[in-house]
Each structure stands twice: as structure tokens, then as C-alpha cells.
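Trainee: Please see the structure below; I have some questions.
What follows draws every value from the coordinates through simple rules; no lab data is involved. Values in this document were obtained by computation on a predicted structure and should not be read as measured data. Here the Cβ positions follow ideal geometry from the backbone for every residue, glycine too, while neighbour counts run over all protein chains shown.
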Amino acid sequence: MSSSAHELGDARKGLLFAFAAYGIWGIAPIYFVWVSFAQPLEVVAHRVAWGIPLLGLLLLLSGQWREVRSLAAPALGYLLASALCLSINWLMFIYAIQTERIAEASLGYFINPLVSIVLGWLFLRERLRPLQWLAVAVAAIGVCAELWVRASLPWLGLTLALTFGVYGLLRKQVNVGAVAGLSIETAVVAPFAVGFLVWLSLHGSTRDIGELLSLGLGGLVTVVPLICFAAAAIRLPLTTLGFVQYLSPSCALMLAIFVYGEVVPAERWFTFAFIWGALIIFSFEGLYRYRKQRRQTDG
């Protein structure tokens, strides 16, 4: 198999992993509304605590224990930083859902691809082709228009966009398997999560078995899409990965409107229209390039 064909196959797998990750994240608000009986920090702590045994099992099955033991200090440093970004992102996302601001959270994840593209351009020297630059410009116009009309800083959306954008950048710096990387990230914050849950129990905050099982499901909701994301991040350019992310906030926005009855300001529809237009441009350019490379490979 030629290197070009191998790259196309790898990119195809990366896209499948990316669609799986963002599809799950898109419908995840349903779960977090379900467990809204617990405060956001408690939900995050349970996500971490219940994720540890699942990741341990996956490490055994995948044989990635060796990768964990062989990681150098710089790689561990990157994973420590990515764990911090991920924890902040989780906390803000759950807070947004429990305060009935799913639409605002979706705006943050619509902004995130712009952050990913800028980070890829600044730090990874990823180049954009003309139509990709056009897509970036169209999306940026939509976001800036809302910022101008509303005359306020959407701190929640920007926090979600920045923390996850930086997380994606950091994960691309570490050449480690998806399961091994996420296991280390989870292990880093596990002592704090377990300590917080112990503190809650000592202060009279106890849960019945039904609530514990509901919160325990958060481990699965956490681990599966993050493994898919990490697998996609090492196979796709950060720019491509950023635009696939539009799937997640689109699903979340539909849930906010049609399931939970949130009211979306008129100016935000203007923003969404520009962003969806940018997605169409980027998707068209990517499909054209993929077919062109495939013809060259087959020839």
C-alpha cells in the first residue's frame, strides 16, 4: 500500500472516530439533565471516579500498559495540563446544562472550531487552503456579529471553547494511545475527585443506590467519546477536527429548543446561519480534496 493510500485510510478512520465522539457529546445533555439532582462538581467527581475502573479494564484489554510506563516527563507534563483543561471544561458544561443554558453552551462549541483552527495555525503550522480560509472567515463573521449585537462577553461559551481547544492542542503533542492518554489524565485528577466525594459523604451528603448508579453511568458517558476523540486527534489535522465538531453543538441546540424549550435570541440564529454556511463550505472543500486524492491513488 502506498503512503498516500495509507494516509487516506487513516484519515477515514479518524473521521469515523470524530463523528462518534461528537455525536455522543451532542446528545450527552440528556444524561446531565437526568442527573441534575447532584451539583456540577459532584457530577464531575463521579465521572472521574467511575471512569478509573473502566479505563483500567480497557488498558488490560488493549495492552497499552506499556505505553503508560514508558512515557517521558515532557509527555506527562502535557497530559497533566490537558487533564486540567478537560476538568474545567466538564465543570462548565455541566453547570450550563443544569442552569438551563444548553443553547449558550452550544454557542461555545460552535466557537471552538475557530479556536482549534487558530491554535493549529499558530502552534502546529497547519496550512489552510483558500476555501478553508473562506469558511473560517464566514464563521468568524457570524460569531463577531453576535458579540457586537449583544454587547456582552459570553464568558461561559468562551470558557468552553478555549478549554477544549487547548485540550485538543495538548493531546496532539503526545504520541500515546487514546486509552493510555485518557487513563493518565483521569488518574491525575482522581485523588481530588475521590477526596471530594469522601468529603461530601462525611458532611451528610449521601446518595441511594439508584442515584449512585445513575452517576456511575457518567464514567461510560465520559470515557467512550473521549477515547474516540483522542483516536481522531492523532489521525486528523486540528483544522479538520475542529469543523467536524459542529455536529455536537448542532445536536445540543436542537435538544435545547425542541426538548427542553429554551428560547434562542434572534441574533443567535444569525450567528448559527453563518456558522452552518461555513460548515457547508469546509465540507465541500474536504470532500473535493478527498475525491481528488483518491483518484490520484487509484490511478
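Trainee: For segment 187-299, what does the alpha-carbon gyration tensor say about shape, rounded, prolate or oblate, given a ≥ b ≥ c as the root eigenvalues, a/c under 1.5 as rounded, and a/b over b/c as prolate? Write down the numbers at each step before the final one.
Mentor: Values: a/c = 3.37, a/b = 1.67, b/c = 2.02.
Oblate, since a/c reaches 1.5 and b/c is not below a/b.
Trainee: Below 12 angstrom from the Cβ of Gly165, what's the summed charge of the other residues (Lys, Arg +1; Asp, Glu -1)? Spell out each step's value before the answer.
Mentor: Numbers: positive: Arg171, Lys172; negative: none.
Summing Lys/Arg as +1 and Asp/Glu as -1 gives +2.
Trainee: If you take the square roots of the eigenvalues of the alpha-carbon gyration tensor of segment 82-175 and sort them as a ≥ b ≥ c, do you get rounded (a/c under 1.5), prolate (a/b over b/c) or oblate?
Mentor: Numbers: a/c = 2.72, a/b = 1.13, b/c = 2.41.
It comes out oblate by the Cα gyration axes.
Trainee: Right, something else. Using the reciprocal of the averaged 1/r over all distinct C-alpha pairs, how large is the Kirkwood radius of segment 9-62 in Å?
Mentor: Details: mean 1/r = 0.0743 Å⁻¹.
In segment 9-62 this quantity evaluates to 13.5 Å.
Trainee: Give me the net charge of Ile88's neighbourhood, meaning all other residues with Cβ under 14 Å from the Cβ of Ile88; Lys, Arg count +1, Asp, Glu -1. Spell out each step's value before the answer.
Mentor: Working: positive: Arg47; negative: Glu185.
Summing Lys/Arg as +1 and Asp/Glu as -1 gives 0.
Trainee: Oh, and also: Using the Kyte-Doolittle scale, find the helices of the chain whose mean hydropathy is at least 0.5 and whose Cα atoms extend 27 Å or more along the helix's long axis, counting only whole DSSP H runs.
Mentor: For the chain, where a helix must reach 27 Å along its axis and average at least 0.5, the hits are 3-34, 40-62, 73-98, 102-123, 130-150, 178-202, 209-233.
Trainee: Whole Å is fine, so just give me how far the alpha carbon centre of segment 28-88 lies from that of segment 257-295.
Mentor: Rounded to whole Å, the Cα centres lie 30 Å apart.
Trainee: Could you tell me which of Leu58, Trp90, Val149 has its Cα farthest along the dipole of the chain towards the positive end, charges placed at Cβ (Lys, Arg +1; Asp, Glu -1), taken about the Cα centre?
Mentor: Of the candidates, Leu58 comes out farthest on the positive side.
Trainee: Next question. Order of Arg295, Arg235 from fewest to most other C-beta atoms within 10 Å? Let's see the in-between values first.
Mentor: Details: Arg295 9, Arg235 20.
Fewest-to-most ranking of Arg295, Arg235: Arg295, Arg235.
Trainee: How much net charge surrounds Ser106 when only the other residues with a Cβ under 14 Å from the Cβ of Ser106 are counted, with Lys and Arg +1 and Asp and Glu -1?
Mentor: Numbers: positive: Arg101, Arg268; negative: Glu100, Glu104, Glu146, Glu262.
Here the count lands on -2.
Trainee: Which of the three applies to segment 1-144, rounded, prolate or oblate, going by the alpha-carbon gyration tensor with a ≥ b ≥ c and a/c under 1.5 meaning rounded?
Mentor: Numbers: a/c = 1.80, a/b = 1.08, b/c = 1.66.
Here segment 1-144 falls in the oblate category.
Trainee: If you don't mind, another one. Over 29 Å apart: what share of the alpha carbon pairs of segment 3-298 falls there, rounded to a whole percent? Please list the in-between numbers first.
Mentor: On the way: 15745 of 43660 pairs.
Across segment 3-298, Cα pairs with separations above 29 Å total 36 percent.
Trainee: Right, another one. Assign unit charges at the C-beta atoms only (+1 for Lys and Arg, -1 for Asp and Glu), then state the dipole size of segment 108-206 relative to its Cα centre in Debye, rounded to the nearest 20.
Mentor: On the way: 6 positive and 3 negative charges, 61 e Å.
Charge dipole, segment 108-206, about its Cα centre: 300 debye, nearest 20.
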